[in-house]
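The structure appears below as structure tokens.
The values are calculated or read from the model by the stated rules, or taken from the named source; none is laboratory data. Since the structure is predicted, the reported quantities are computational estimates derived from the model, not experimental observations. Every residue, glycine among them, receives a Cβ derived from its backbone with ideal geometry; neighbour counts consider all protein chains shown.
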Amino acid sequence: MRVVFLGTPEFAVPSLQALLASRYQVCAVVTQPDRASGRGQRPHPPSIKRIAEQAGIAVHQPEKIRDEKNRTLLELLAPDFIVVVAYGQILPGWLLRMARIAPVNVHASLLPRYRGAAPVIWAILNGETITGVTTMLMDEHLDTGDILMARECPIDENLTGGELAGALAQIGADMLVPTLDGLALGTIVPLPQDHNRASWAPRLTKGQAWITWESDAREIHNQIRGLNPWPVARTNFQAQGAQVLRSQICAGLPDSACPPGTFLGRTHDGMLVQCAHGSVIEILEIQLANRRPISGREFSVGARLEQGIRVFASSPAE
């Protein structure tokens, strides 16, 4: 059976690889255009493009998938399935109706929770302990289609957004071919979502990366791990920005009268920083601009931090 695959980031790669290893024929891959990134702002292709080209599959990169000029091209492909995994654009109805059997989406949450562009990050930001992957039928709305399959995945309290995305990507890939098989054979019964239980996971911005030290340590910890690898949690240190990459919660420490952002001491691998309500966080990895990432302990030693001194501010303006 013929499949047109739409996907863009690394999250989509395992699903495409699963299709390539199956009996399904991937007749084309649609992905986002190459985008400039990095210090030199050179154009970089999406992750999925490299895999498709290595497999000899035609790759199409329209700026806007809704443009009618794409319609004839895609109709000629005559797909049995359209499979979408983190493509990054809303699909028009004419494209969804093009699939002879069904348009299928692999979504990184347990729908109807965390509909939207950033379900992995928001699950961590909100301190969830369980998330998962849902395969669903696509409609013209955002992540509202009927559920086909769903699998849970626990979230370890120190797992980063990138690590969780990798685990969910593999779960989604493992679910994709069984989902298509079930639809082709008529053994999967689509289940309508309970829209009253829906929650949202909107796209994040770089502005949401700044740490507010007047927050509870667990909230800050979830921000640090959830925003790794992008956009990466940031703080202000001596009038320059610093990226905070890894942390952990410190349990059982006594309350402190020190203001949030105060350096409390060193550990074997990190540094202790005061947060709100007497809570304390251990910074394990941090990076100053144009420097390599280093451990929290190494940072505190190099910066000659003294216990009881407020070292971190909550915004660039402080």
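Please enumerate the residues belonging to segment 302-318 that are within 30 Å of the chain's Cα centre (by Cα) and part of a strand (DSSP E or B).
Scanning segment 302-318 gives PHE312, ALA313.
Within segment 289-300, how many residues turn out to be at pLDDT below 95 and either of a type in the set (S, T, N, Q) or under 18 Å from ARG310 (Cβ atoms) (or both)?
Selection size over segment 289-300: 1.
Return the residue satisfying two criteria in turn: it lies in segment 111-131 and is among the small types (Gly, Ala, Ser) and at positive phi, and of such residues it is surrounded by the fewest Cβ atoms within 10 Å (Cβ to Cβ). Spell out how you get there, then give the answer.
In the first step, residues of segment 111-131 are kept if they are among the small types (Gly, Ala, Ser); the result is 116-118, 123, 127.
Imposing the further condition that a residue be at positive phi reduces the set to 116, 127.
Values: GLY116: 16, GLY127: 13.
Going through the qualifying residues, I end up with GLY127.
Quick test of your reading of the structure: GLU10 fulfils all but one of (1) of a type outside the set (A, V, I, L, M, F, W, C); (2) touching a residue at least 40 places away in the same chain (Cβ under 8 Å); (3) crowded, with 21+ Cβ neighbours inside 10 Å. Name the failing condition by number.
(3)
Kindly state which helices (runs of 4 or more DSSP H) lie completely within segment 29-132 and contain at least 3 residues that are of a type outside the set (Gly, Ala, Ser) and over 17 Å from LEU148 (Cβ atoms).
Helices (runs of 4 or more DSSP H) meeting the threshold: 47-54, 69-77, 119-125.
Where residues in segment 196-216 are within 17 Å of ALA123 (Cα to Cα) and hydrophobic (A, V, I, L, M, F, W, C), which of them is modelled with the lowest pLDDT?
Step by step, filter segment 196-216, then rank; the result is LEU204.
Residue-by-condition table, conditions (1) outside the structural domain of GLY261 (by TED's automatic domain parsing); (2) part of a helix (DSSP H, G or I):
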| position | (1), (2) |
| --- | --- |
| ASP174 | yes, yes |
| THR179 | yes, yes |
| GLY182 | yes, yes |
| ILE188 | yes, no |
| GLN193 | yes, no |
| GLU214 | no, no |
| GLU219 | no, yes |
| ASN222 | no, yes |
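Kindly check whether there is at least one residue in segment 224-237 that is in contact with a Ser or Thr (Cβ under 6 Å, 6 or more places away or on another chain), within 24 Å of VAL13 (Cβ to Cβ) and in a helix (DSSP H, G or I).
yes
Has segment 38-58 got at least one residue that is farther than 30 Å from GLY166 by Cβ, free of Cβ contacts under 8 Å to residues at least 24 places away in the same chain and in the same structural domain as ASP181 (by TED's automatic domain parsing)? Don't jump to the end; show me each part of the working.
Applying the first criterion (farther than 30 Å from GLY166 by Cβ) to segment 38-58 yields none.
No, there is no match, as no residue in segment 38-58 is farther than 30 Å from GLY166 by Cβ, free of Cβ contacts under 8 Å to residues at least 24 places away in the same chain and in the same structural domain as ASP181 (by TED's automatic domain parsing).
Residues are listed down the side, and each one gets a yes or a no for (1) more than 25 Å from the chain's Cα centre (by Cα); (2) in the same structural domain as GLN243 (by TED's automatic domain parsing); (3) outside any loop (DSSP other than H, G, I, E, B):
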position	(1), (2), (3)
GLY265	yes, yes, yes
ASP269	yes, yes, no
GLU282	no, yes, yes
GLN287	no, yes, yes
SER300	yes, yes, yes
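Look at GLU157 and say whether it is more than 18 Å from the chain's Cα centre (by Cα) and within 25 Å of LEU245 (Cβ to Cβ).
No; evaluated as a whole, the condition is false for this residue.
Restricting the search to segment 238-263, which residues are not in a strand (DSSP E or B) and not small (Gly, Ala, Ser)?
Scanning segment 238-263 gives GLN238, LEU253, PRO254, ASP255, CYS258, PRO259, PRO260.
Across segment 8-57, what is the total count of residues that are closer than 20 Å to VAL133 by Cα and charged (D, E, K, R)?
1
Name the residue, out of LEU168, LEU176, LEU159, that is in contact with a Cys (Cβ under 7 Å, 6 or more places away or on another chain), in contact (Cβ under 8 Å) with a residue 60 or more places away in the chain and under 20 Å from GLU10 (Cα atoms).
Result: LEU168 is the single residue among LEU168, LEU176, LEU159 that is in contact with a Cys (Cβ under 7 Å, 6 or more places away or on another chain), in contact (Cβ under 8 Å) with a residue 60 or more places away in the chain and under 20 Å from GLU10 (Cα atoms).
Look through segment 182-232, keep the residues that are among the hydroxyl-bearing types (Ser, Thr, Tyr) and farther than 23 Å from ARG113 by Cα, and return whichever of them is farthest from the chain's Cα centre (by Cα). Spell out how you get there, then give the answer.
Within segment 182-232, the subset among the hydroxyl-bearing types (Ser, Thr, Tyr) is 187, 199, 205, 212, 215.
Okay, now just the ones that are also farther than 23 Å from ARG113 by Cα, so 187, 212, 215.
Values: THR187: 31, THR212: 22, SER215: 23 Å.
In this case the residue turns out to be THR187.
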